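Data first, discussion second: the structure below is written as structure tokens.
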């Protein structure tokens, strides 16, 4: 006779939770619906079900441990009545299962296959949900779906000002991703419930969108400030004047003072990255650029000018 503890793979001192957990795993693995036509799996499932019916009942389990019941739940001292009695006694096979099926017990003379077929039929009828789940699946706790991860490239100015981008998931579903103004490179946006589906009624996971801010041709970011190096001509540096400067909002005018050197940094207030308290600034570093090609008139002028107005720029920087 099979030992119910061995059938369920648990120790004789196992707790009810351990017995239940082991049974659920075996039931999912061996259920006849998952193995149509597999007689061996069906027989194992029947044995596991009998073992669980007995060990999940504290009274039956105690009697089995005391040697009063065999591995099938039969009274050991009444087995001789199997062929002579029309029905099982109070502790016999019929009594062992009768209480769980609306008062209708099974007789010792019944065919074992019929008994287990009826057992499964009544359990599935009473516990199968509208969604078609079996009784052994209903007890699963809802599990949240896993998060899914994606990356999204966003141009520098759009990340600074804020934008909405559409992405297509592997499932073919389109999602509109709102990128807040001031989003930094490497920031992760979370879209609730747009990840992998949950199990057993659990909620879906989230979609995690990592933002990849694309480098700009001349803008860089420093905190909430935007940095830019602006080339100016020699006449603009010497004489001063208004020049056009690009910003993330568009072009603006900047007044260059006369006699301005390369490396001077000018500030455009409020033209930087938006943030909770306002906006950063744009810092414009001026860089004097000579003509692309040598200019004979400029060379002639500077030779005459330098002879009369020589000055040492490096000594002023302590480099002499």
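From the list 307, 237, 258, the lone residue that is outside any helix (DSSP H, G or I) and over 30 Å from residue 161 (Cα atoms) is 258. Looking only at region 190-232, which residues are farther than 21 Å from residue 286 by Cα and surrounded by 18 or more Cβ atoms within 10 Å (Cβ to Cβ)? 191, 194, 195, 205, 206, 207, 209, 211, 213 - these are the residues of region 190-232 that are farther than 21 Å from residue 286 by Cα and surrounded by 18 or more Cβ atoms within 10 Å (Cβ to Cβ).
Per-residue answers, yes or no, for (1) part of a loop (DSSP other than H, G, I, E, B); (2) surrounded by 12 or more Cβ atoms within 10 Å (Cβ to Cβ); (3) outside the structural domain of residue 250 (by TED's automatic domain parsing); (4) without any contact (Cβ under 8 Å) to a residue 12 or more places away in the chain:
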residue	(1), (2), (3), (4)
152	no, yes, yes, no
159	no, yes, yes, no
164	no, no, yes, no
167	no, yes, yes, no
170	yes, no, yes, yes
177	no, yes, yes, no
181	yes, yes, yes, no
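When you check residue 227 against the structure, is it part of a strand (DSSP E or B) and within 33 Å of the chain's Cα centre (by Cα), yes or no? Answer is no for this residue. Test residue 49 against the stated conditions and say whether it is closer than 15 Å to residue 9 by Cα and either crowded, with 17+ Cβ neighbours inside 10 Å or assigned by TED's automatic domain parsing to the domain that holds residue 12 (or both). Yes.
With respect to the conditions (1) touching a residue at least 24 places away in the same chain (Cβ under 8 Å); (2) over 37 Å from the mean Cα position of the chain (by Cα), residue 275 lacks only one, and its number is (2). In summary, residue 293 fulfils each of the numbered conditions (1) at pLDDT below 95; (2) part of a strand (DSSP E or B) with the single exception of condition (2).
Mind telling me which of the residues 205, 270, 217 ends up being assigned to a loop (DSSP other than H, G, I, E, B) and closer than 30 Å to residue 144 by Cβ?
Details: 270 fails: closer than 30 Å to residue 144 by Cβ; 217 fails: closer than 30 Å to residue 144 by Cβ.
Among 205, 270, 217, only 205 is assigned to a loop (DSSP other than H, G, I, E, B) and closer than 30 Å to residue 144 by Cβ.
The values are calculated or read from the model by the stated rules, or taken from the named source; none is laboratory data. Note that this is a predicted model, so its numbers are computed, not measured. All Cβ positions, even for glycine, are placed from backbone atoms using ideal geometry, and neighbour counts span all protein chains on display.
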